[in-house]
1. Scanning for something within 28 Å of A:Gly117 (Cβ to Cβ) and among the aromatic types (Phe, Trp, Tyr), does region A:282-302 turn up at least one residue?
2. Being β-branched (Val, Ile, Thr) and more than 25 Å from B:Leu184 (Cα to Cα) narrows it down to one residue among B:Val23, B:Val2, B:Val69; which is it?
3. Hey, among the residues in region B:152-176 that are acidic (Asp, Glu) and more than 10 Å from every other protein chain (Cβ to nearest Cβ), which one's surrounded by the fewest Cβ atoms within 10 Å (Cβ to Cβ)?
4. Can you name the condition, by its number, that A:Leu132 falls short on among (1) more than 26 Å from A:Phe3 (Cα to Cα); (2) touching a Cys at 6+ places or on another chain (Cβ under 7 Å)?
5. Using the structure shown, decide if A:Ala56 is within 12 Å of chain B (Cβ to nearest Cβ), in contact with a Leu (Cβ under 9 Å, 6 or more places away or on another chain) and either surrounded by 24 or more Cβ atoms within 10 Å (Cβ to Cβ) or within 19 Å of B:Leu139 (Cα to Cα) (or both).
6. Residues that are surrounded by fewer than 17 Cβ atoms within 10 Å (Cβ to Cβ) and more than 14 Å from chain A (Cβ to nearest Cβ): find the helices (runs of 4 or more DSSP H) completely inside region B:6-90 holding 2 or more of those.
7. Out of everything in region A:8-24 that is touching a residue at least 40 places away in the same chain (Cβ under 8 Å) and surrounded by fewer than 18 Cβ atoms within 10 Å (Cβ to Cβ), what residue ends up being farthest from the other protein chains (Cβ to nearest Cβ)?
8. Which pairs turn up if I take residues in region A:62-80 that are at the interface with chain B (Cβ under 7 Å from one of its Cβ atoms) and more than 15 Å from A:Thr39 (Cα to Cα) and look for partners that are of a type in the set (Asp, Glu) and crowded, with 24+ Cβ neighbours inside 10 Å with beta carbon separation below 8 Å, at least 6 apart in sequence or on another chain?
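The values are calculated or read from the model by the stated rules, or taken from the named source; none is laboratory data. Small disclaimer: the values here were computed from a predicted structure and weren't measured. As a convention, Cβ positions derive from the backbone with ideal geometry for all residues, glycine included, and neighbour counts pool all protein chains shown.
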Amino acid sequence: MRFQYASQRKEYGRALVDLGKSRKDVVVLDADLSSSTRTADFAKEFPEHFFNCGIAEQNMMGVAAGMAASGKVVFASSFAVFATGRCWDQIRQSIAYPKLNVKICATHAGITVGGDGASHQTGEDVALMRTLPNFTVGVPADAPETYKMTRAFAEWNGPCYMRMGRLDFPTVSDPDEGFKIGRGSVLRNGEDVSLIGCGIMVSRCLEAAEALERRNISAQVINMSSIKPLDDALVAGAVKRTGAIVTAEEHNVVSGLGAAVATYLVEHDPVPMRRVGIMDTFGESGEGEELMRKYGLTAEKVVEAAEEVMRRR
Amino acid sequence: MVAYPDDVIAELERRANLIRRHVIRMTRAAGSGHPGGSLSSTDILSALFFKVMHHRPTDPTWEDRDRFVLSKGHAAPAYYAALAESGYFPVEELLTLRKLGSRLQGHPSRNKLPGIEMSTGSLGQGLSTALGMALAARLDRKAHRIYCLCGDGEQQSGQIWEAAMLGAHYELDNVTAFLDRNKLQIDGPTEKIMSLEPLTDKWRAFGWNVIEIDGHNMREILEACDKAKEVRNRPTMVLAHTVKGKGVSFMENALSFHGKAPNDEETKKALRELGEDI
């Protein structure tokens, strides 16, 4: 498939600038990665509303909580591994428990970070955030959806987590469809198997659907950009329509999108299912695309999984 | 500098004594809680809630109120008693501390009880949130101040020093923090567990205005608050030397009463020492 590619981070930065123009209550924090996370774009336009906290993520989350308690809509950014793991207790105690209006928007998630290696990659961030009560968790599939999710989070009163990648992502979302918290979207209709992806893996699901079509298999493709709350109705519809489910994520299969969908299926509608994702391992240095191949984040893996769940149905 | 008349000081001391009696009764009723660190904080809390801070207990979300964050969240009994005596909620409710369904959680919860600005309890975190409030106040061109009460044990947390850097870097002179230096933590004296001294030098080196006081001398507490208001471009840390369990002879400097409630006999004795007719 031929895709257009665009940067999620750039769209995040653009959304922040647009928010800054229309809202005086928006403030942005970063932990010394503002040129990478693109919060620097906001800092340039609205220097008074931007606060660099240095390499001190725990303190940054506390400061974010205090500002939110004073009525600000606070965006706090860093790399996903640092914005969640280094300061998880601060997020839990000072943001999630008091239900404060902080939007943790993290970039460089997954293994497509590339050369920096496992210390800077993360397959655990969605797991860490979705287990926190009061949190909303979103994984935009591409750059346009990143823009929409940023705007939607600004309108939502409560703590949110958004996960972005470093690489330019294939544009896959419907330009006419807005992002709504708790809602996924069907990108391709199909009758035989449902491929439910998030982030960059949505594009791999679309490629897989095309490959399956060549084998006379009709695959439905769902972009599940709202991880929490999960779009249960959309999953239920997929079960009814195809009765065979594959999930795909650039995240540890332990407790990410696949685990969320599996929980729904086991409790409501048990049908054959398989998770494609990082198989409970750390990454390593390499080019993003190379790493995706090595760690099984490919359309071929999604095709294999689809054929397997169809056999088991 | 304001000179405080003796009767003002005496009235604050009377109210601090009242808070101490509440702390004893509350922890007795709960059967658990932290009387030691509550009693070392009581005089500071009384000065803040009954004299220093501008706040409206009947309008707890008043925009221009001074904010208070209890970074040492385990001193909740004394904090709740000061809130109740200020009029945020009925004094009778104090005895529901730690009970199922109570608004008085074991550690302060922002969404449960009016007057609580921030949920705390996991140590080392409150000061950062206070600084966030201070940045927001400055951004909004508001004149209110942010008060924060830290424990000495939590000075061992890295986050405290991250906050120390940020407070100085952003020149947050609208912050007055207190350090309740009672010198004891759960496992023993702070200097044996993980030495903190020289604390004054550390806070000065981090760029803060440091004022050392006797944390049980009401006049010194009030004067420190006044001095802090006059300092420009630096936050203030009031290093308050205190006694854990202050006011009850057998609780003073007693490690055992860090996280243990008094029994019936101890309760009677404590209340008698605090001047209550039983």
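1. Filtering region A:282-302 down to residues within 28 Å of A:Gly117 (Cβ to Cβ) leaves A:282-302.
Those still in the list that are among the aromatic types (Phe, Trp, Tyr) too: A:282, A:295.
Within region A:282-302, one or more residues are within 28 Å of A:Gly117 (Cβ to Cβ) and among the aromatic types (Phe, Trp, Tyr).
2. B:Val2
3. From region B:152-176, those acidic (Asp, Glu) are B:152, B:154, B:162, B:171, B:173; that's our starting set.
Next, from what is left, pick out any that are more than 10 Å from every other protein chain (Cβ to nearest Cβ): B:152, B:154, B:171, B:173.
On the way: B:Asp152: 24, B:Glu154: 22, B:Glu171: 13, B:Asp173: 20.
It comes out as B:Glu171.
4. Among (1) more than 26 Å from A:Phe3 (Cα to Cα); (2) touching a Cys at 6+ places or on another chain (Cβ under 7 Å), the lone unmet condition for A:Leu132 is (2).
5. Values: within 12 Å of chain B (Cβ to nearest Cβ): yes; in contact with a Leu (Cβ under 9 Å, 6 or more places away or on another chain): yes; either surrounded by 24 or more Cβ atoms within 10 Å (Cβ to Cβ) or within 19 Å of B:Leu139 (Cα to Cα) (or both): no.
Criteria not met by A:Ala56.
6. On the way: elements: B:6-30, B:35-47, B:76-86.
Filter on region B:6-90 gives B:6-30.
7. Taking region A:8-24 and keeping what is touching a residue at least 40 places away in the same chain (Cβ under 8 Å), we get A:8-12, A:14-16, A:18-19, A:23.
Now restrict to residues that are surrounded by fewer than 18 Cβ atoms within 10 Å (Cβ to Cβ): A:10, A:18, A:23.
Details: A:Lys10: 27, A:Asp18: 20, A:Arg23: 13 Å.
Out of the qualifying residues, it is A:Lys10.
8. Listed by first residue and then by second, the contacts come to A:Ala69/B:Glu117.
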